[in-house]
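Worksheet: one structure, shown below.
The values are calculated or read from the model by the stated rules, or taken from the named source; none is laboratory data. This structure is a prediction, so every number in the text was calculated from the model and none was measured. Here the Cβ positions follow ideal geometry from the backbone for every residue, glycine too, while neighbour counts run over all protein chains shown.
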């Protein structure tokens, strides 16, 4: 886009880049905010259906589809309360910390080939790291509210999120290992092709670890049945008991943003990213990387794919929320430490051994070539050797 | 709401053309000022939780500096471990130990002055050292380098795949970091076990309620505090122990 | 013209000139000194811990600066990968240090009902 | 998988399994079932698996190298010429056959230690002999494990040892040691197979000592019995004497040749390419001489060290041949051979070190059958066979004479012994003498063939005797008699064993296993005697030995099983042994019959051994320097030729028949009274009954002088050295008194002064330690600044930068 602005519109470079950045930021912000609106509406409808009622029906005509917007307006109009003993600055800052963390993580999230805020060499790592900061806002909120409910909620959240980062990290490492890169774009590209190329179906271990990832992801974004931080039956509303109005809605947007983020991450890591189950584009002879108009539509198709998968993930989380009862805090910790972590470790080991033993997969014909040789150094017997320039760009077929 | 056009106007009117701005330097300046400013704020603040919050901001901005310096992996690592891990731990500790009188334990004015003098001297020394070497002051030549995540990973398993610097031995002759990596792994394990052991919940001889009561009471001195403990032990009753 | 501007307003040079290693060193120095002062001034053990984190971080900034190929001027050589790896180890060890120090603090709190380091003078001569 | 990589794996596993069993029983033995009953299963399972693995190796070997009938006599040369037509022209220069070294696989598993020329490694050297011995050892060991699990059942309970008398007149009560027995047995199997598979002499020596220690354990199994522990020590000490000679041989070889490996090995050369490093065999019998024996260059240079020192380093290589012609190094080779043979003589109970073996019968009978008849004592013969290429004709002559003396002495003693196990023990010694003699006269296949067949029938005989002892609770043959009725299986199988050992058979038609092996020894001895008339006494010894063997073996059988019971008390209690003990007897009996047969396809032990015949020993060899005249070691195929073969077979048949008839006349038909004979030849009888007074001789020769020497040394010690030392001590004590005074007043005073100064300084200095963390930080920071300022003043120029 920046090139377009510079070359065609003849804007100065600095302005072009600024405009591009602003547009990208606005788009991401809208994904979060708009997504939150839709998801809140969807959640209410889904909850209603699961509980054998209708959910919102009137606002905005059919299905009550403007209900969220109406709620948002209501929240804007609400009085902004702050408890007397609260630590004012931290109380005000906490929602923004949470929201910013959630927002920041979107920077490195690719929506399709080249549809990405900033492509990063360490994309996965960045996303997980930034997502971890979200908890900081929650803790600050819990502390600054000067309320016992909030503090308890914050403590639970801290314990839970810090613990679940361990198995979550292990789950994420498996696709990274298979793709040989932490770049989310590369990981998704490696899964191009038919459904069988998805890392979910790479081997039995990745299949198992995907479900571990789902569990840990649900826990790390504090969704039921792991929503101990806001357990309304015990802690009123946990860390956001004292919040109201727009600040409260920031927490909400952060939560839905994180849900979308981990779902999108699951799609990128395990479910082929923006690659559909059937390689429609390549069957039609189109490519996403050429830069012409057709490729642009291929990318849009990919983005639709990814958004669909991520939304599906969010819907599944809602389904889980309204189906399963909440765990106790000790059960939450036990699930993490006694089940998820060892399982993830074992699966990680298994996937590694599988990769060593059967690098081509069980059915070699179904798998794409492993990749092409890049410039740099390769490990070899007794050290490393430099790749010959003649070999750069060669496509390597991994033999089983 | 009228701020935006004002800033834009100021930029246009400024003697400095926007095109002359080095964006890398600008972002550096941004992150550096956040980092340094909040580091100083950590020193200045009295409330422990706020200190922790400032520290997070300072360290987060430092991660940004790392990104700017091309150390992406390190920056992400800084965010994850320092900001995400260490500080959550720290805040954890703050909260566990945070009773009203302890949140702010102020040092005396004399201490502040002394520390300030020593700090300024040290800063002067370090700045002198930073500017004393000529090549360090030379502005960046703008080399674009490969991202270092893969070479770091390979070096941690003992194989160097990064480009050797001029004059350095060839890549396969340089030592990897496998042994330090293993040592650090074991070290972390030991630390985890040790920390869990140190911080474990010990069996208390008296009910917890009394201790809270005793420590909420601002202890005037060590002696008084000790006498509370003795009293409590001697009486052994739940209600008798609280106030002398 | 840049030169003219930079000489006219000295601080403007900061955003027109490329960054050098010295810039980073200054940031590192400020972080380091803040940390030292923090350690020297805070009576709260947790404040001391934060000071330590700052000190380590200041050192890390220096390592990264020396390691970065972006920041080197004409003809000078970066520390290369080694600097980054060392910084990595520093971060890891800082995490370990924080865990242990926190555990010690908690223990100290359990025993003394305070986190004031001035009370931790059992070894006083 | 090819044979070269398969065989080491199979045999290596077979070798290590008993070790695993040993370790398991060592640690968990007492906990294996009640009283460790299941230890027998563990050990048996291990050895059975080893047997299976050995058999797999055996079959694999036969698949690649089928045993075919060897070509002898007239068509011998033609066959070789045909086989190696392409090499014939090349070999025509030195006028010998196209000699190919035997097929052998060798290599190293693990290098224990390597420094300079010394390389100690765990390696393998596998040829058909190795595999055959593996099968034999594991097979017999399997039989004996099964047998022992029945025989040793007494050890499962509290044992009352009636042969141990305590001071209060009662007998010893001790807990059973069932697991310990199988533990030692497993260790023994491991060690024995270690000798067989060893790829170098150092490894042989290690396992040589290990079998020695196992033997010590097993002989001394009833170590509370004075006789048993004495016998164990005796066996061990006599073996040490032999091993001393072996060490000398090892050092001679290593010092002069720098290697102990049998075969050539591949080592990385200076440029990284593997180069071949010659082993002992190819050093002594290099390919360029057609594998004829030659004093190796290393020994020549070693012996001619003075001349080497005077020669320019570049010229040495050229002069070696001249020095060799002058005879340098031949004595070194002789010493090496004799030294190695010393070890073999100790292990294989050869004259003059044979006296330990009869005493070793103090151990449990399965041990006697496995260790002291079939395998361990055969290790000496095996090593002579393995080391055969390095042995010069002179050494061979020494071996032959030692064998002859041994066989004769042992046979004569066996004539008059009354203890059933001792008769068998002397018989073992005598048969080992046969093997040594066979090897000594050049009968490589004959000697080792006899080793294999002897292993089968002698272990059978021992197990039978064990069965008898088990039934009668006595070793004394004079109390037995008529047992054939109550113990039909034992009697029958023992008869088979006796017939096998005397070499019974229908001449030129068929016979038991001993018939073939003994005939080939006789034939080779005859062939040697004809080639070297001066040494024809060797043949006489062999023939006489055959007669004596027949006599004493059947004397044993008749006294034990035939006739009427002499002691009714014994006879009433006698019973057939349990099935677990009888089964191994039957299995071994079958093998004692068939082991010598050659199947129609040419498969037979002799032909199998023929594959491993050392290169260069196929043909008649002339040589020898030590005993004043040239020796002729005839080729072995010559002994299969008509006249020699017929003469030998007839001699064997006649002597054996004579011996059996004489025994029958004396002990079955009782037409000649043994007592009368004993009275007539009373001095001889007493001489023999006292075992040629060897024990007394050794006592007088070694023990008594040692005691005298010890007494003298003790006198010197007490009379001279002790007073001197006491005087020294007294003086030192006086000096120490003075010293103590100086110490207390001067040194301590100084020390105390220093201490108090330090103490007061510490009191002052401790005020600096405020215990305040923040202050320390401040000190550090201030100190840094101060140091920097100081340094910048001192090193102003360098920091100005």
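Do we have any residue at all in the stretch C:76-83 that's at pLDDT 85 or above and facing chain B (nearest Cβ under 8 Å)? No, the stretch C:76-83 contains no residue that is at pLDDT 85 or above and facing chain B (nearest Cβ under 8 Å).
Tally time: how many residues in the stretch B:18-45 are more than 7 Å from every other protein chain (Cβ to nearest Cβ) and part of a helix (DSSP H, G or I)? Spell out the reasoning first.
Initial filter on the stretch B:18-45 (more than 7 Å from every other protein chain (Cβ to nearest Cβ)): B:23, B:27, B:30-31, B:33-34, B:37-38, B:41, B:44-45.
Narrowing further to those that are part of a helix (DSSP H, G or I): B:23, B:27, B:30-31, B:33-34, B:37-38, B:41, B:44.
Count: 10.
If the condition is being crowded, with 19+ Cβ neighbours inside 10 Å, at the interface with chain B (Cβ under 7 Å from one of its Cβ atoms) and without any contact (Cβ under 8 Å) to a residue 60 or more places away in the chain, then the stretch C:99-108 contributes C:99, C:102, C:103, C:106.
For the stretch D:192-225, the candidate set comprises residues that are in contact with a strand residue (DSSP E or B) (Cβ under 9 Å, 6 or more places away or on another chain) and more than 26 Å from residue D:337 (Cα to Cα); within that set, the residue that is surrounded by the fewest Cβ atoms within 10 Å (Cβ to Cβ) is D:224. Annotation for the stretch A:90-105: no member residue is in a loop (DSSP other than H, G, I, E, B), more than 9 Å from chain B (Cβ to nearest Cβ), touching a residue at least 60 places away in the same chain (Cβ under 8 Å) and out of contact with any helix residue (DSSP H, G or I) (no Cβ under 6 Å at 6 or more places or on another chain).
Restricting to the stretch A:38-65, what's the tally of residues that are without any contact (Cβ under 8 Å) to a residue 40 or more places away in the chain and either under 16 Å from residue A:103 (Cβ atoms) or outside any helix (DSSP H, G or I) (or both)? Within the stretch A:38-65, residues that are without any contact (Cβ under 8 Å) to a residue 40 or more places away in the chain and either under 16 Å from residue A:103 (Cβ atoms) or outside any helix (DSSP H, G or I) (or both) number 11. The set of residues from the stretch D:282-326 being surrounded by 13 or more Cβ atoms within 10 Å (Cβ to Cβ) and in a loop (DSSP other than H, G, I, E, B) comprises D:285, D:286, D:290, D:291, D:292, D:293, D:294, D:295, D:296, D:304, D:311.
Check the stretch D:250-267 and report whether any residue there is modelled with pLDDT under 85, more than 25 Å from the chain's Cα centre (by Cα) and assigned to a strand (DSSP E or B). Scanning the stretch D:250-267, I find at least one residue that is modelled with pLDDT under 85, more than 25 Å from the chain's Cα centre (by Cα) and assigned to a strand (DSSP E or B), so the answer is yes. Selection of the stretch A:139-160 for residues being at the interface with chain B (Cβ under 10 Å from one of its Cβ atoms) and surrounded by 24 or more Cβ atoms within 10 Å (Cβ to Cβ) yields A:139, A:140, A:142, A:143, A:144, A:154, A:157. Condition (residue is over 30 Å from residue D:147 (Cα atoms) and without any contact (Cβ under 8 Å) to a residue 12 or more places away in the chain) applied to the stretch D:535-544: is it met by at least one residue? Yes, because at least one residue in the stretch D:535-544 is over 30 Å from residue D:147 (Cα atoms) and without any contact (Cβ under 8 Å) to a residue 12 or more places away in the chain. Residues that are surrounded by 15 or more Cβ atoms within 10 Å (Cβ to Cβ) and facing chain C (nearest Cβ under 8 Å) within the stretch B:110-128 comprise B:111, B:112, B:114, B:115, B:118, B:119, B:122, B:123, B:126, B:127, listed in sequence order. Scanning the stretch C:17-41 for residues that are more than 7 Å from chain B (Cβ to nearest Cβ) and surrounded by fewer than 24 Cβ atoms within 10 Å (Cβ to Cβ) yields a total of 0. Is it fair to say residue B:48 is farther than 21 Å from residue C:71 by Cβ, in contact with a helix residue (DSSP H, G or I) (Cβ under 7 Å, 6 or more places away or on another chain), facing another protein chain (nearest Cβ under 9 Å) and modelled with pLDDT under 85? It is true that residue B:48 is farther than 21 Å from residue C:71 by Cβ, in contact with a helix residue (DSSP H, G or I) (Cβ under 7 Å, 6 or more places away or on another chain), facing another protein chain (nearest Cβ under 9 Å) and modelled with pLDDT under 85.
Filter the stretch A:109-127 for residues that are within 12 Å of chain B (Cβ to nearest Cβ) and surrounded by 24 or more Cβ atoms within 10 Å (Cβ to Cβ); which is nearest to the chain's Cα centre (by Cα)? Spell out the reasoning first.
Our first condition is that a residue be within 12 Å of chain B (Cβ to nearest Cβ); within the stretch A:109-127, this holds for A:118-127.
Retained after the next criterion (residues that are surrounded by 24 or more Cβ atoms within 10 Å (Cβ to Cβ)): A:120, A:122-127.
Working: A:120: 15, A:122: 15, A:123: 11, A:124: 10, A:125: 12, A:126: 11, A:127: 8 Å.
Once the filter is applied, the top-ranked residue is A:127.
Before we move on, is residue C:7 more than 7 Å from chain B (Cβ to nearest Cβ) and at pLDDT below 80? For residue C:7, the condition - more than 7 Å from chain B (Cβ to nearest Cβ) and at pLDDT below 80 - is met. Only one entry of A:5, A:11, A:15 meets the criterion of being outside any helix (DSSP H, G or I), at pLDDT below 80 and either in contact with a helix residue (DSSP H, G or I) (Cβ under 7 Å, 6 or more places away or on another chain) or over 21 Å from residue A:321 (Cα atoms) (or both), and that entry is A:11.
For the stretch C:39-60, the condition holds for no residue, the condition being that it is at positive phi and modelled with pLDDT under 90.
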